[in-house]
Amino acid sequence: MKAEHTSVMLERCITLLAPAIEKSPSPVVVDATLGLGGHSFALLEKFPQLRIVGLDRDESAISIAQERLASFTNRVTIIHAVYDEMPTVLDGLGLTSVDGILFDLGVSSLQLDRAERGFSYAQNAPLDMRMDQSRGMTAQEVLNSYSRNDLIRVIREYGEEKFATRIVDNIIEARQKNELQTTTDLAELVKRSIPAPARRVGGNPAKRTFQALRIEVNQELAVLERAIPRAMDRLAIGGRMVVMSFQSLEDKIVKRFFATATESLTPRGLPVEIASLAAKFQLVFRGSEKASEQEIIENSRAQSVRLRAIERVAI
Ligand SMILES: C[S@@+](CC[C@H](N)C(=O)[O-])C[C@H]1O[C@@H](n2cnc3c(N)ncnc32)[C@H](O)[C@@H]1O
């Protein structure tokens, strides 16, 4: 395994999920982002009673995970699904609640490494960027069909890009001349849209625009908004959910849901907590955790991770 295929904060995820898994005689964990199956593999090895339901919207990730987890086949159910479909998937398996849920958000190293998927500004390929290549619009279709205002909104909001207007004006010009076909065309267009002094800081200037398009193509934030509450709803008492985000927009969504779910609804000023209004969840620790310096040295993907965890304490 190459270093960049290493699962992020693996030991920490195991430690955080352990109490939820160990309290149940027949524990079930949903790996909502199965990817290459790294986290699932380690969990199955560590907990011999554990059953995993693994989801991924990418069919090539599913095939790799199936192979990697082949020795656990009687304890793993792998399903091609978007993670906001979790309730339907669990209903189909007859599971009303589960003991653990893991979200390792974003793209996998497999998706980034396969040039033809179009996720990487560093490798020339058609502008696809769909995690699920069986459905939905490609990045090229977004770039060709969205209005100027919509493109500015996407690149400004999802890419947190200050120069969105300049970039989009160049996109409009290039698409009229049919000059926007590949990741390299887009990466170069972004580079020349950004003033030279700004280009010297903050890494490759195309990174933010590529992130924005990827989020739009896969509707990542809208899906996450639906998925987090639906997943929390399926946790058993004592069940835990761990979420790793890799950019601030995702982390903000997770943080907001966790904050609301851990607040008591008992009116302020009452001397006692009203049981039916008490919070149904509690944070496993305050705030978010980062990867260790050592892990970041060994695996650059760990650099931007923010991990949060929550536990259900009441129905
Ligand atoms: C970072 S990788 C997971 C890596 C995995 N934890 C491991 O250790 O090998 C994220 C995976 O989540 C999948 N994914 C992203 N968004 C998804 C969604 N909304 N529904 C289902 N899968 C999704 C991607 O296709 C990708 O394979």
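Figures for the structure shown
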item	result
Failed condition for F119, given (1) in contact with a helix residue (DSSP H, G or I) (Cβ under 7 Å, 6 or more places away or on another chain); (2) within 12 Å of the ligand (Cβ to nearest atom); (3) open to solvent by 30 Å² or more (accessible area, probe 1.4 Å)	(3)
Within region 85-119, tally of residues that are under 16 Å from T183 (Cβ atoms), in a loop (DSSP other than H, G, I, E, B) and modelled with pLDDT of 95 or more	2
Strands (runs of 3 or more DSSP E) contained in region 198-315 and holding at least 3 residues modelled with pLDDT of 95 or more, within 15 Å of the ligand (Cβ to nearest atom) and open to solvent by less than 20 Å² (accessible area, probe 1.4 Å)	235-245
Checklist (1) out of contact with any Lys or Arg (no Cβ under 8 Å at 6 or more places or on another chain); (2) part of a helix (DSSP H, G or I) applied to L180, failing item	(2)
Out of S97, S71, S63, sole residue that is surrounded by fewer than 18 Cβ atoms within 10 Å (Cβ to Cβ) and either more than 30 Å from P25 (Cβ to Cβ) or within 11 Å of the ligand (Cβ to nearest atom) (or both)	S63
Residue match in region 18-26 (condition: in contact with a strand residue (DSSP E or B) (Cβ under 6 Å, 6 or more places away or on another chain) and charged (D, E, K, R))	yes
Residue match in region 176-196 (condition: within 16 Å of the ligand (Cβ to nearest atom) and touching a residue at least 60 places away in the same chain (Cβ under 8 Å))	no
Members of region 7-44 found to be among the β-branched types (V, I, T) and more than 8 Å from the ligand (Cβ to nearest atom), listed by number	I14, T15, I21, V28, V29, V30
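The values are calculated or read from the model by the stated rules, or taken from the named source; none is laboratory data. Predicted model only: the values in this text are computed from it and were never measured. Cβ sites come from the backbone with ideal geometry, for glycine too, and all protein chains shown count toward neighbours. Protein only, heavy atoms only, side chains kept; ligands, DNA and RNA dropped before computing areas. Shrake-Rupley method; radii C 1.70, N 1.55, O 1.52, S 1.80 Å.
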